[in-house]
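J.: This is the structure I want to talk about, given as structure tokens.
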Amino acid sequence: MPTLLVALLFAILIAVFALQNTAAVHVRLLAWDYETSLVLVILGSAMVGAVLTFVASLGPRIRRAREIRRLEETVESQGERIRHLEAVIAQSRDSSASDPAM
């Protein structure tokens, strides 16, 4: 939740900054050469940065999701093992309690 609030605050800050800078600018990029509003350049740059950040974070997110899934499977298998061992112990107790020689 705090991350979402920081992102929202940052987005509002970028929007306010962009809206205060409305002058026309000349943009050159490789073979492209055009004139546009500075607002569009600022918002476009922020959007490209957000997309690149998201793409860069996909690898760690996928690895974390796989690790979580693997750990959940381990927890489940250990839970099954514990239930099995508890049943063996209970069966052992039952057999020793019903055995009068002991």
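Laboratory data are not the source of any read-out in this text; all were calculated from the coordinates shown. Please read these numbers as outputs of a predicted model, since none were measured by experiment. Note that we place each Cβ from the backbone using ideal geometry, even for glycine, and neighbour counts take in every protein chain shown.
J.: Restricting to segment 17-28, count the residues that are closer than 14 Å to residue 44 by Cα and out of contact with any Phe, Trp or Tyr (no Cβ under 8 Å at 6 or more places or on another chain).
T.: 6
J.: If a residue must be over 27 Å from the mean Cα position of the chain (by Cα) and among the hydroxyl-bearing types (Ser, Thr, Tyr), how many such residues does segment 59-89 contain?
T.: 0
J.: What do you reckon, is residue 48 assigned to a helix (DSSP H, G or I) and in contact with a Ser or Thr (Cβ under 7 Å, 6 or more places away or on another chain)?
T.: no
J.: Take residue 50 and tell me if it is under 30 Å from residue 19 (Cα atoms) and either surrounded by fewer than 10 Cβ atoms within 10 Å (Cβ to Cβ) or not aromatic (Phe, Trp, Tyr) (or both).
T.: yes
J.: Now a separate question. Might you check whether a residue that is surrounded by 10 or more Cβ atoms within 10 Å (Cβ to Cβ) and not hydrophobic (A, V, I, L, M, F, W, C) occurs anywhere in segment 10-21?
T.: Checked against the condition, which is being surrounded by 10 or more Cβ atoms within 10 Å (Cβ to Cβ) and not hydrophobic (A, V, I, L, M, F, W, C), segment 10-21 yields at least one hit.
J.: Another one. Pick out the one residue from 74, 22, 53 that is without any contact (Cβ under 8 Å) to a residue 60 or more places away in the chain, assigned to a loop (DSSP other than H, G, I, E, B) and not charged (D, E, K, R).
T.: Exactly one of 74, 22, 53 is without any contact (Cβ under 8 Å) to a residue 60 or more places away in the chain, assigned to a loop (DSSP other than H, G, I, E, B) and not charged (D, E, K, R), namely 22.
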